[in-house]
């Protein structure tokens, strides 16, 4: 297992795509920070900016993980590991761990750059405890993105197909997030008049659950530094990760690797 991890980490961090992904996300962070600073004629609060670049995170990670694992299949790396007698469970877990480490690195560096710029140019309305809490929640979300895309890429086993599926899933989850977020941000009253678009009761509970189980919904909450239910957030993330590791590993054992 150690040799597999060492080889996978070497390939991942000597792959230009991870550094391209990091550079792209840092570029987004810088662009958003400059835009927020120059486009407004009032003091913008740091809470509005600090996690805003992560709105593109799920799409960037989909491209990174599907490309990396897809290339492993296309270049015959996965097949060679099986031929060399490496256990499929070890191969699956090693690739997943490597992908998750890349997800965490992209997330941390993007956030660090945003914070470094933000504390100098925006109104400091975020305490250290608040930042630490939401940063930790974001760590769980980044692991979920890596787990989902990693599982799909390992099970599909074809570079072009895994890229297409992961990107389509990313945009699908983004569209669902936009829909649920639009519903949940509705105020019950507008100018003292009942808002007919406000959703309550069991229907609202359903939309909140859909928003929380969707990693893009979690990113939407993160970018606005709000949280519907942090216990449900963390619980659903752990469930996603367990499914990706457990079910994905079982299905990978039966996969025909060419």
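The values are calculated or read from the model by the stated rules, or taken from the named source; none is laboratory data. Just so you know, these numbers come straight off a predicted model, no measurement behind them. Virtual Cβ from ideal backbone geometry, glycine too; neighbours counted across all protein chains shown.
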Report task. Note down all Cβ pairs under 8 Å where the first residue falls in segment 239-258 and is touching a residue at least 24 places away in the same chain (Cβ under 8 Å), the second is in a loop (DSSP other than H, G, I, E, B) and surrounded by 11 or more Cβ atoms within 10 Å (Cβ to Cβ), and they're at least six residues apart or on different chains. Result -> 255/157; 257/157; 258/157
**Report entry** Selected residue (criterion: surrounded by the fewest Cβ atoms within 10 Å (Cβ to Cβ)) from residues of segment 177-192 that are in a helix (DSSP H, G or I) and over 15 Å from the mean Cα position of the chain (by Cα)
**Finding:** 182
Report summary line: Inside segment 108-163, the number of residues satisfying the requirement of being within 30 Å of residue 76 (Cα to Cα) and either surrounded by fewer than 14 Cβ atoms within 10 Å (Cβ to Cβ) or in contact with a strand residue (DSSP E or B) (Cβ under 9 Å, 6 or more places away or on another chain) (or both) is 1
Query raised in the report: With (1) touching a residue at least 12 places away in the same chain (Cβ under 8 Å); (2) part of a loop (DSSP other than H, G, I, E, B); (3) closer than 25 Å to residue 118 by Cβ as the list, and residue 198 as the residue in question, which single condition is left unmet?
Result: (3)
Query raised in the report: Got a sec? Which of 195, 256 is within 27 Å of residue 8 (Cβ to Cβ) and over 15 Å from the mean Cα position of the chain (by Cα)?
Result: 256
Report task. Report, ordered by the first and then the second residue, all pairs with beta carbons closer than 8 Å, sequence separation of six or more or different chains, a first member in segment 142-167 that is on the phi > 0 side of the Ramachandran plot, and a second member that is at pLDDT below 95 and in a helix (DSSP H, G or I). Result -> 157/73; 157/78
Query raised in the report: Residue check: is residue 113 within 23 Å of residue 44 (Cβ to Cβ) and touching a residue at least 12 places away in the same chain (Cβ under 8 Å)?
Result: yes
Query raised in the report: Does residue 40 satisfy being under 23 Å from the mean Cα position of the chain (by Cα) and either loosely packed, with under 14 Cβ neighbours inside 10 Å or at pLDDT 90 or above (or both)?
Result: no
Query raised in the report: Of the residues 51, 9, which is in contact (Cβ under 8 Å) with a residue 60 or more places away in the chain, buried (at least 16 other Cβ atoms within 10 Å of the Cβ) and at negative phi?
Result: 51
